[in-house]
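Following: one structure in structure tokens, then a few remarks.
The values are calculated or read from the model by the stated rules, or taken from the named source; none is laboratory data. Here the structure is a predicted model, which means the values were calculated and not measured. Here the Cβ positions follow ideal geometry from the backbone for every residue, glycine too, while neighbour counts run over all protein chains shown.
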Amino acid sequence: MRLAPFADVVYGCDGPWWQIKKGLPDYHGTKLCHDTGICANYRDIHKIEVVERSRMLFDEPGTIASGGNSGFQAVNIAAQFGATRILLIGFDMHAAAGVHWHGRHGKGLSNPADHNFVKWRRAFDENASRLAAMGIDVVNASPISALCCFRRETIEQTLIDWSP
């Protein structure tokens, strides 16, 4: 949200994150979360169902696959919304430069371990060809990413490629 305040949709998987952010009161786009309590406490946050699996779901709007992480879930949501182009930024999928771009989460939020990154990469690997078959161009613009199943390109080059 801090890096893209112009975003149309904010998806936060973790209920504690929404609590810490107080429901993002200054953000007026679509807010999505799978935590029932958060959706009840913040009426402008819409409920998303998350199923514990690694195969993305496309046929049941509002129900997505877990894939083990919110980035995977956000890609599943974007595909359900009809995106034909998805630019991945910050999908390092390893901890060599830290577990998150902003540093470790504080109290109340979890941080991934090495085995999580392996699981996450595997989930993306399993879905890359499915996304391509649907005509969705996924580009990984994360410069130090261990995620290898999507085309790699800089943000700038991708925006040039995608321009009309």
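Listing for the model above:
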read-out	value
Any pair with Cβ under 7 angstrom, 6 or more apart, that starts in the stretch 83-96 at a residue that is among the acidic types (Asp, Glu) and ends at one that is surrounded by fewer than 18 Cβ atoms within 10 Å (Cβ to Cβ)	92/144; 92/146
Subset of the stretch 30-57 (residues that are assigned to a loop (DSSP other than H, G, I, E, B), exposed (fewer than 15 other Cβ atoms within 10 Å of the Cβ) and under 16 Å from the mean Cα position of the chain (by Cα))	52, 53, 55
Residue satisfying all of: in the stretch 129-145; of a type in the set (A, V, I, L, M) and either surrounded by 16 or more Cβ atoms within 10 Å (Cβ to Cβ) or touching a Ser or Thr at 6+ places or on another chain (Cβ under 6 Å) (or both); farthest from residue 69 (Cα to Cα) among these	136
Verdict on residue 20 being under 18 Å from residue 125 (Cβ atoms) and out of contact with any Phe, Trp or Tyr (no Cβ under 7 Å at 6 or more places or on another chain)	no
Test: residue in the stretch 110-119 that is touching an Asp or Glu at 6+ places or on another chain (Cβ under 9 Å) and at pLDDT below 95	yes
Scan of the stretch 146-158 for residues that are assigned to a helix (DSSP H, G or I) and either touching a residue at least 40 places away in the same chain (Cβ under 8 Å) or crowded, with 16+ Cβ neighbours inside 10 Å (or both), ordered by number	155, 158
Residue ID - nearest to the chain's Cα centre (by Cα), chosen from residues in the stretch 59-77 that are in a loop (DSSP other than H, G, I, E, B) and surrounded by fewer than 16 Cβ atoms within 10 Å (Cβ to Cβ)	62
Residue list for the stretch 1-23, filter: surrounded by 12 or more Cβ atoms within 10 Å (Cβ to Cβ), modelled with pLDDT under 95 and in a loop (DSSP other than H, G, I, E, B)	1, 7, 12, 13, 14, 21
